[in-house]
Amino acid sequence: MRIRKKSLRNLFQRTSLAAAALSASLAFSAGIASAAESVLTMHIEEQTSWVSNFNPFDLAGRRQSTMDFIYEPLVIFNANDGGKPVWRLATSYKFSDDLMSITYELRSGVKWSDGQPLTSADVKYTIDLMLKNPAVDTVGVGQTVASVEAPSPTQVTIKLKAVNSEFPESLADLAVVPEHIWKDIPDPVAFKNEKPVGSGPMTEVRRFTPQVYEQCRNPNYWDAASLHVDCLRLPQISGNDQMLALLPEGTVDWIGSFLPQIDKTFVALDPQHNGYWQPPAETVAFEMNFKSSNAGNFEAFKDLNFRHAFSLAMDRKSMVDIAGFGYPVVNLHASGLPPRFESWRNKAAEGDKDAFMGFDTEKANKILDDAGYKKGADGFRTTPSGKPITFAVIVPNGWTDWIDAVQIAVEGLRAAGINASVATPEYEQWRKQLLDGSFDVVMNSRADSATPFQGYYQSLSTAYSGKLTVAAARYSNPKLDALFDQYLKSSSDEDHKKIFNDIQVLIADDFPVVPVFNGPTWYQYSSKRFTGWVTDKDPVMNPENHDNNRMRLMHLLRLKPVQ
């Protein structure tokens, strides 16, 4: 079962049919565009077929170009600039003296793409919609907001249930929707929003087929002077293999994909224009479902001994060197802290607490033997109470690097007597499973913000349990919740550092997820048709075009067509 490097290196040789079909699709789509238009082709997600869905509240089903490009945030916090705010629909915010409310000042004169004015009533409507309907509460306002008022067309005052110094950052993912459209939608969860009315730069869905769609310029965009791209073209790409096969065509401008041997497979195709920058990013970890419906799996996942043995079965170096072609970096800390937050590292959460982060199958077997996980005639273990343990690790179809990493993990688990396997649902189905809890184990990553707090809070707090894809583990720990609450109620950097030290220690001790490595930022670009790309020589923002990076909007606004 072990994946050999030679076979992985041949991935890009297996895709001629898919490439031919895709090339035909792209050629056709390119042919209909006006010669005067600047059309930027981008790859931001893998799917076997596009489904028209621009509902910002549908986390599993929405197209990944919905946020930012159709629905602009109030404010973005730039992690590459010390978390400084980048004002968009809002121009400022201010906490009350008792920190129990916050008032946002909105930009005046902003219109929706249909020409109607965007006012504070729309922001109030959106938050009220979330408060009344938890199924669309994608930012957790139900946990934090007591009420919301619109004292003037450009002011929104949000009263909080408790002091929450991180509230503005959590609201950065809010998609403000137009009240005059959504008030008549009977089911905001099921609504596909195929003809969106938005506030962002690219609201007009000009063409949509299962193979390609185009989002074009908002005719009423408030920041039109900064926008030099007329349309985004998004070809359907099912996975890394298909992306590799497409590269020689030179038709994609902005890519967010795993490209093995990138200097050979991408840069060498056009050294003058093709570039990349892939700094270490968020922590990738195996997450067990703490509310698994399988009795044996549930018993095992709840047991710290089992989680320690799971970790010891992980060959992290092979995942990095073989599956990831050396792009990721191994994470050997039980706290899972990403490398870019070195200044936040608590040494007291490391050392002895990292004893289960190595690759040691013999030690994994001993821990399971000592804890009462007996092997049967088939070589697989049962729980101490005699229940069978059997699960699939789910990973999106087409994510070849992650699939290979999971295969390496499964090989290690089976060597420890754990009956694990690999399942590869389509990306949309994978996200649905994370949200509805119909899975047992997943390899997942969390999006980090300007500080490490938000990533840990959203993925491991009871407040977000099961509500976001990053909180799929459904972990709940009252002691950790209490530390999160202390952090939120504190407003000083010194207190935040002290509390986060304790958070790291608790996580290292309780080991709720199994960190394995830190994946790179997936960012490649071509300067053949557009300039202004963020590079390692100008690292002003996260350059990735994925849905979890709000700064991708600002990246788009930097780009200009080559003259």
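Quick notes
- If the condition is being in a helix (DSSP H, G or I) and either closer than 22 Å to A60 by Cβ or in contact with a strand residue (DSSP E or B) (Cβ under 8 Å, 6 or more places away or on another chain) (or both), then region 165-179 contributes F167, P168, E169, S170, L171, A172, D173.
- Search result, residues across region 142-160 that are at pLDDT 95 or above and over 14 Å from E105 (Cα atoms): V145, A146, S147, K159, L160
- If the condition is being at pLDDT below 95 and surrounded by 16 or more Cβ atoms within 10 Å (Cβ to Cβ), then region 172-205 contributes A172, D173.
- Of all residues in region 411-432, none are open to solvent by 20 Å² or more (accessible area, probe 1.4 Å), among the aliphatic types (A, V, I, L, M) and in contact with a Leu (Cβ under 8 Å, 6 or more places away or on another chain).
Yes/no matrix, rows are residues, columns are (1) in contact with an Asp or Glu (Cβ under 6 Å, 6 or more places away or on another chain); (2) open to solvent by 30 Å² or more (accessible area, probe 1.4 Å); (3) over 30 Å from H496 (Cβ atoms); (4) without any contact (Cβ under 8 Å) to a residue 60 or more places away in the chain:
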{"position": "E350", "(1), (2), (3), (4)": "no, no, no, no"}
{"position": "K363", "(1), (2), (3), (4)": "no, yes, yes, yes"}
{"position": "G376", "(1), (2), (3), (4)": "no, yes, yes, yes"}
{"position": "N397", "(1), (2), (3), (4)": "yes, yes, yes, no"}
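- Of all residues in region 116-143, those satisfying the criterion of being assigned to a loop (DSSP other than H, G, I, E, B) and either among the hydroxyl-bearing types (S, T, Y) or more than 15 Å from N164 (Cα to Cα) (or both) are Q116, L118, T119, N133, D137, T138.
- Boolean, D370 is open to solvent by 20 Å² or more (accessible area, probe 1.4 Å) and of a type in the set (D, E): yes
Conditions (1) over 28 Å from A135 (Cα atoms); (2) at pLDDT 95 or above, marked per residue:
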position: T383; (1), (2): yes, yes
position: I403; (1), (2): yes, yes
position: G412; (1), (2): yes, yes
position: T424; (1), (2): no, yes
position: G455; (1), (2): no, no
position: V470; (1), (2): no, no
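- Residue check for R474: in contact with a Pro (Cβ under 6 Å, 6 or more places away or on another chain) and open to solvent by less than 40 Å² (accessible area, probe 1.4 Å): no
- Residues of region 105-115 that turn out to be open to solvent by 30 Å² or more (accessible area, probe 1.4 Å) and assigned to a strand (DSSP E or B), as a count: 2
- Out of R9, R2, R14, one residue alone is open to solvent by 60 Å² or more (accessible area, probe 1.4 Å), within 30 Å of R340 (Cβ to Cβ), modelled with pLDDT under 90 and not aromatic (F, W, Y). It is R9.
- Residues that are of a type in the set (G, A, S) and part of a loop (DSSP other than H, G, I, E, B) were ranked within region 387-416; the one that is farthest from A313 (Cα to Cα) is G398.
- Sole residue being outside any loop (DSSP other than H, G, I, E, B), free of Cβ contacts under 8 Å to residues at least 12 places away in the same chain and either surrounded by 15 or more Cβ atoms within 10 Å (Cβ to Cβ) or of a type in the set (A, V, I, L, M) (or both), chosen from A146, A225, A150: A225
- Taking each residue of region 180-207 that is farther than 18 Å from V51 by Cβ and in a loop (DSSP other than H, G, I, E, B) and looking for partners that are basic (K, R) and open to solvent by 30 Å² or more (accessible area, probe 1.4 Å) with beta-carbon atoms closer than 8 Å, six or more apart or interchain, yields P201/R217.
- Filtered residue count, region 116-125, keeping only those that are buried (at least 19 other Cβ atoms within 10 Å of the Cβ) and not charged (D, E, K, R): 5
- The set of residues in region 486-504 that are in contact (Cβ under 8 Å) with a residue 12 or more places away in the chain and farther than 30 Å from I394 by Cα comprises Q486, Y487, L488, K489, S490, S491, H496, K497, I499, F500, N501, D502.
- All told, K387 falls short of being open to solvent by 40 Å² or more (accessible area, probe 1.4 Å), touching a residue at least 12 places away in the same chain (Cβ under 8 Å) and over 21 Å from S293 (Cβ atoms).
The values are calculated or read from the model by the stated rules, or taken from the named source; none is laboratory data. As the structure is a computational prediction, the values presented were derived from the model and not from experiment. When we count neighbours, we look across all protein chains shown, and the Cβ atoms used for this are built from the backbone with ideal geometry, even at glycine. Just so you know, the surface numbers come from the protein's heavy atoms only, side chains and all, with ligands and any DNA or RNA stripped out. Shrake-Rupley method; radii C 1.70, N 1.55, O 1.52, S 1.80 Å.
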